[in-house]
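Trainee: Sending over a structure as C-alpha cells; questions will come in a sec.
The values are calculated or read from the model by the stated rules, or taken from the named source; none is laboratory data. Worth saying up front: this structure is predicted, and the values here are computed from it rather than measured. Ideal geometry is used to build each Cβ from the backbone, glycine not excepted, and the neighbour counts take in all protein chains shown. The accessibility values were calculated without ligands, DNA or RNA, using every heavy atom of the protein model including side chains. Shrake-Rupley method; radii C 1.70, N 1.55, O 1.52, S 1.80 Å.
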Amino acid sequence: MSEEINTSQLVSAATSEQMIEINKMNKWYGDFHVLKDINLTVHKGERFVICGPSGSGKSTLIRCINALEEHQEGDIIVDGIKLGKNLKNLDHIRTEVGMVFQNFNLFPHLTILENLTLGPIWVRKMAKADAVETAMMYLERVKISEQANKYPGQLSGGQQQRVAIARSLCMSPKIMLFDEPTSALDPEMIKEVLDVMVELADTGMTMIVVTHEMGFAKTIADEVIFMDAGDIVERNKPEAFFGNPEHERTQQFLNQIL
Amino acid sequence: MAIITKEKSPDRPAPLSETTPLGWLRINLFSSTFNTGLTLIMLFIVYLTISGVFAWGYLDATFVADKRRECYDNSLTGACWAGVIAWLDNIFYGRYPRDELWRVNLGGVLLVLWMAPLWMSRVKAKVLVGASVIIFYPFLAGYIFTGGDKSWFMQFMVSGAILAFIINMLNMLSGLIENTSFAKFLFKLSGQVEASDKTQRNLLYGVLFAAFIVIFAIQSSWTVTEVSWTKWGGLFLTLVISGIGIASSLPLGIVLALGRRSKLPVVRVLSTGFIEIFRSVPLITVLFMATTMFPLFMPEGFFLNKLVQGIISVVLFNACYMAEIVRAGLQAIPKGQFEGSHTIGLGYWGTMGLVIMPQALKHMIPNIVGNIIGLLKDTTLVSIIGLFDILGMLRSISKDIPWLGLHKEPLVFGAILFFIICFSMSKYSRHLESKLSAGNKR
Ligand SMILES: Nc1ncnc2c1ncn2[C@@H]1O[C@H](COP(=O)(O)OP(=O)(O)O)[C@@H](O)[C@H]1O
Ligand SMILES: [Mg+2]
C-alpha cells in the first residue's frame, strides 16, 4: 500500500496542476456564518479527507465546490474556471466534478442502467450504445453489473451507493466529491463501498471525501483536514494527524470517534 | 401452560371472517340483535328505492311514442324515454348536418385508433405516439369537423397529421407482429440493420419526406363541405371543449407551476398573480367575462367567436388548477433529486423533464384525473353563454313541441352518460396508478 501512495505522490508532484483553488472563501446562511476564510488548494491526483463534528460546515464546503451552494465572499476556482453567477460555467463544472451523497440520490423512476446513462446521453451527447457500454464497464468495476435492469429501490444501501459512485464516474469527472458516503449504511455494507473508493483512489482520481472512517482515511488520504465551526482548524498528513494532533479540539474529536 | 413450545406449532386455518363472505357477513352485519335489525331496515330502504326507480325507469316506462301525450296514454307513472330516443342524434351531435355525421364519428374513431397503441405493451415509442396525438390530431380533427377551404398552413398540418397517423398505425402493426418499432422494421426490410446511425437516419427521413409529398399531393384535392361551429352541439361539443381543455390545460399548468417556482421575480409574480386571479373566481364569471368584457379590450375588428371564447376560458381556468396540482407534486420531490441531477450536469430543463417531472406526474395522477373529471362536468356551464353543449341539448327537449315539459328523463339520461364517462376515467386512473407504481418500485 505504501508503494502505491508513493507512486501517486510522484504523479501529483510531476503534474502539479491545480484542480481546486479556494481563496478566503466565506459563506453565510442568512446571519449564520457557516464557512470562515477558507483557503484550500487541491492538485491533480491529490486526495483529501475532511472530518469534524456535525454542523461544522463540511457538507457546505464541498457543496460550494460543486456550486450546489453559492458562496458570498472569496473565490473558488475549479478546473481553471471561477465559480460565479454564470450558469454555463456552472453546468460545465458540474460535468467535471462528480458528487456522491450520504443518501445516494439515485433516480427511483429509472433502472440502474438508465440512472447511469442519463448524464452521458443527455449532457455528453453520447450515442446510446456507447453510453450503455461505458455504464456496464463501471457497473462491472463496482461489482454490480448483474443488477443493471433493477430499480434503485430493489437494491441494498451499499449497492445503491456503489451505483451512485458508478453514475458519477460515467460522466468521466476530473474530481470526485464524497459527502459521508457510508454514514447511512449498515455496518456490513460499509466495507463494500470503501473498497470501491480505495480502488478509485488507486486510479489516481482527485478526491475530496468527508468521512469519519479513519482506517479509510489512513489508507488513501494525502492530507486530512479537520473542520470546526466553519474553520479549517488543522490539516496534516494522516500519520501525523492521527498520531499526534496539534490542536486540542482535534484531540477531543478523535477521542470521541476512535 | 408451557411458555416454551417444544414442537413446531401446526398451521391452523384462518378465522372464517377472513376467508368466506358468509363469515364476513356474520361479523359485520349480523353481530348482534340490534345490528341485525339495522341491517334489515337498511336492506328494506334500499329495496324500496331500487324497486321504485326500476318501476319508473323500466317496467312502467314508454320507449316508443311520437309525443308526450302518447307516453301518458301508455302509463302515467312511468318514464317517457321515447322523447330522449327521438332526440338521441341531437343529444350526441347537436345540429350538425345529418348527412355529415360520419365526419364526427370519423374524428372519434381516428382518435381512438391513434391512442390505441398507448394501451398496448408490445408497441414501442409511446412518448412519440402521445406527442403526435397532441400536436397533430387537433388539426386533422379540426379540419374534418369544420371543413371548407384549407389555407396553406392547414394543408401542411393536415398532411403532417395524416402522415403521423399512418406511421403510428404502421408502428402499431410492426409492434404487434414483429415486436419492434416501425423504424427498426423499416431498416430490416431494406437490409440496413447493420448500417451506421447516419445511413439509417437518412433512410428514415427520406421515406418520411417522400411520404409527406405524396400525402400532400393527395390531400390538396380533398375537401369536405363547411359546417359552421354554430351547428356543433350536444355531447360532441362537450367532448371537443373538454378534450381541448384537457390536452392544453396540463401543459399550460406545468408551465405556470414552473413559473411560480421560478427564480426570476417577474416570471414568478406574473404566474402567481395569474393563478390566484383565475382560481378565486367561479368559472361562470370567467365565461361571462370572456363573452362580455373580453371584446372591449380587443382592438377594433378583432373578433373571437363564442366557441373559442368558451374554450379559452375553460383552458385558462383549468390550467390554474392544474398548476397548483403540479406545484404540489413538485414539492413532494426531495431536494436530493434536484441535486443528484445537477451533479451529473443536467441543467434546469433536463432536470425538470427527465428527473423531476416523471416522478412528480406519477404522484399527481389521482389529482389530475380528478381535475379532468371536474373539467368535463364544468364544461356544461358553457350552455350559459349560449352554446348548445350536451346540457343545452338535454334541456331543449322540454321546449320541443311534441315533448313539451319533458325535463326529468333527459336529465337522468345525461346523468347516466356522465356517470359512465367519469366513472371509467376514474377506474382507468386507478389502473394507471397501480401499473406505474408496479414499474418503479421504491
Ligand atoms: N440550507 C441551510 N440553511 C440554513 N442553515 C443551514 C443550511 N444547511 C446547513 N445549515 C447549517 O450550516 C451548518 C453546517 O452544516 P453542514 O455543512 O451540513 O455541516 P456538516 O456537514 O459538517 O455536518 C449547520 O449548523 C447547519 O445547521
Ligand atoms: Mg454533512
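Trainee: Rounded to a whole number of µm²/s, how large is the Stokes-Einstein D of the protein assembly as shown at 10 °C and 1.306 mPa s, given Rh as the Kirkwood radius over C-alpha pairs?
Mentor: The estimated diffusion coefficient comes to 50 µm²/s.
Trainee: Taking amide H positions as placed 1.01 Å from N in the peptide plane, with prolines and chain starts having none, which residues 5 or more places from A:Thr206, or on another chain, fall under 5 Å of its amide H?
Mentor: A:Gly45, A:Met176
Trainee: Between B:Ser32 and B:Ser51, what is the label-point separation in nm under the 7 Å Cα-to-beta-carbon projection?
Mentor: With each label point 7 Å from Cα toward Cβ, the separation is 3.0 nm.
Trainee: Can I ask one more? Counting partner chain Cβ atoms within 10 Å of every residue's Cβ in B:334-340, what's the average?
Mentor: Taking the mean over all residues of the peptide, I get 5.
Trainee: Would you grab the residues whose amide H sits under 5 Å from the one on A:Ile50? Only those 5+ places off in sequence or on another chain, please, with H modelled 1.01 Å from N.
Mentor: The list, which skips near neighbours in sequence, is A:Val209, A:Val210, A:Thr211, A:Ile225.
Trainee: Something else about it: Please report, as a whole percent, how much of the solvent-accessible surface of segment B:21-86 comes from carbon and sulfur atoms (probe radius 1.4 Å).
Mentor: Ligands and nucleic acids excluded, carbon and sulfur reach 71 percent.
Trainee: Going by average Cβ neighbours within 10 Å, how do the peptides A:177-184, B:137-144, A:235-242 rank, with the highest at the top?
Mentor: Values: A:177-184: 22.0, B:137-144: 20.0, A:235-242: 15.8.
Top to bottom by mean Cβ count within 10 Å: A:177-184, B:137-144, A:235-242.
Trainee: On to the next question. Based on alpha-carbon centroids, what's the gap between segment B:8-43 and segment A:135-183 in Å, whole number please?
Mentor: When both Cα centres are located, 52 Å separates them.
Trainee: If I model a spin label as a point 7 Å beyond the Cα along the Cα-Cβ vector, how far apart are those points for A:Glu70 and A:Asn39 in nm?
Mentor: Modelled inter-label distance: 2.7 nm.
Trainee: B:Arg261 label point, 7 Å along Cα→Cβ, cut-off 14 Å on backbone N: hits in segment B:306-340?
Mentor: Answer for segment B:306-340: B:323-340.
Trainee: Right, another one. Ratio of alpha-carbon Rg to the 2.2 N^0.38 Å globular estimate for chain B, to two decimals, please.
Mentor: 1.27
Trainee: Assuming 0.36 nm per residue, please report the length gained on full extension of the stretch A:Gln252 to A:Arg235 beyond their Cα-Cα distance.
Mentor: The span from A:Gln252 to A:Arg235 would gain 4.6 nm if fully extended.
Trainee: Using a Förster radius of 41 Å, what is the FRET efficiency between B:Ile85 and B:Ile333 based on their Cβ-Cβ separation? Nearest 0.05, please.
Mentor: Using R0 = 41 Å, I get an efficiency of 0.20.
Trainee: Counting only helical runs of four or more DSSP H residues, what would the 222 nm mean residue ellipticity of the protein assembly as shown come to if each run contributes -39,500 (n - 2.57) and the total is spread over all its residues?
Mentor: Theoretical 222 nm ellipticity from helices: -18500 deg cm²/dmol.
Trainee: Would you kindly find the accessible area of B:His363, with a 1.4 Å probe and non-protein molecules such as ligands, DNA and RNA excluded, rounding to the nearest 10 Å²?
Mentor: 80 Å²
Trainee: Considering chain B as a Gaussian network with a 10 Å cut-off on Cα pairs, which listed residue, B:Thr230, B:Thr380, B:Thr238, attains the greatest mean-square fluctuation?
Mentor: Fluctuation is largest for B:Thr230.
Trainee: I'd like the Karplus ³J(HN,Hα) series for segment B:283-297: coefficients 6.51, -1.76, 1.60, θ = phi - 60°, whole numbers in Hz, and an x wherever there's a Gly or Pro.
Mentor: Per-residue couplings from phi come out as 4, 4, 5, 4, 4, 5, 4, 4, 7, 9, 7, 3, x, 5, 7 Hz.
Trainee: Here is a follow-up. Please compute the per residue accessible area over chain A with all protein chains in place, 1.4 Å probe, rounded to a whole number of Å².
Mentor: Averaged over the residues of chain A, the accessible area is 44 Å².
Trainee: Oh, and also: Highest mean first, how do A:192-201, B:289-298 rank when packing is the count of other Cβ atoms within 10 Å averaged over residues? It would help to have the intermediate numbers written out before the result.
Mentor: Numbers: A:192-201: 19.7, B:289-298: 12.3.
The densest-packed peptide leads the list: A:192-201, B:289-298.
Trainee: Skipping prolines and chain starts, which residues have an amide H placed within reach, meaning under 5 Å, of the one on A:Gly74, given they are 5 or more residues away or on another chain?
Mentor: Sorted by chain and number, the residues that satisfy this are A:Asn26.
Trainee: Then there is this: Anything over 25 Å Cα to Cα? Flag those among B:Lys335/B:Lys362; A:Lys58/A:Lys174; B:Lys306/B:Lys408; B:Lys124/B:Lys188; A:Lys143/A:Lys237; A:Lys27/A:Lys82, in the order listed.
Mentor: From the list (B:Lys335/B:Lys362; A:Lys58/A:Lys174; B:Lys306/B:Lys408; B:Lys124/B:Lys188; A:Lys143/A:Lys237; A:Lys27/A:Lys82), the Cα-Cα distance tops 25 Å for B:Lys306/B:Lys408; A:Lys143/A:Lys237.
Trainee: Right, something else. So, counting K/R as plus one and D/E as minus one, what does the shell of residues with Cβ under 15 Å around B:Phe423 add up to?
Mentor: Here the charged neighbours net out to +3.
Trainee: I'd like the carbon and sulfur percentage of the solvent accessible area for segment B:100-226, probe radius 1.4 Å, heavy atoms only, ligands and nucleic acids excluded.
Mentor: Carbon and sulfur together cover 73 percent of it.
Trainee: Among bridges DSSP assigns within the protein assembly as shown, what percent are antiparallel (round to 5)?
Mentor: So the antiparallel bridges amount to about 50 percent of the total.
Trainee: Roughly what would the spin-label model give for B:Ser75 and B:Leu59, points 7 Å off Cα along C-beta, in nm?
Mentor: Label-label distance for B:Ser75 and B:Leu59, simple model: 0.8 nm.
Trainee: Next question, about the same structure. Can you compute the charge dipole magnitude of segment B:346-442 about its Cα centre, using +1 on each Lys and Arg Cβ and -1 on each Asp and Glu Cβ, nothing else charged? Give it in debye, rounded to the nearest 20.
Mentor: Details: 10 positive and 5 negative charges, 95 e Å.
Computed charge dipole of segment B:346-442: roughly 460 debye.
Trainee: Please turn the phi angles of segment A:129-139 into ³J(HN,Hα) values with the Karplus equation 6.51 cos²θ - 1.76 cosθ + 1.60 (θ = phi - 60°), one per residue in order, whole Hz, x for glycine and proline.
Mentor: 4, 5, 4, 5, 4, 4, 4, 5, 4, 5, 4
Trainee: Could you work out the relative contact order of segment B:21-86? I mean the mean sequence separation of Cα pairs under 8 Å and 6+ apart, divided by the number of residues, in percent.
Mentor: 24 percent
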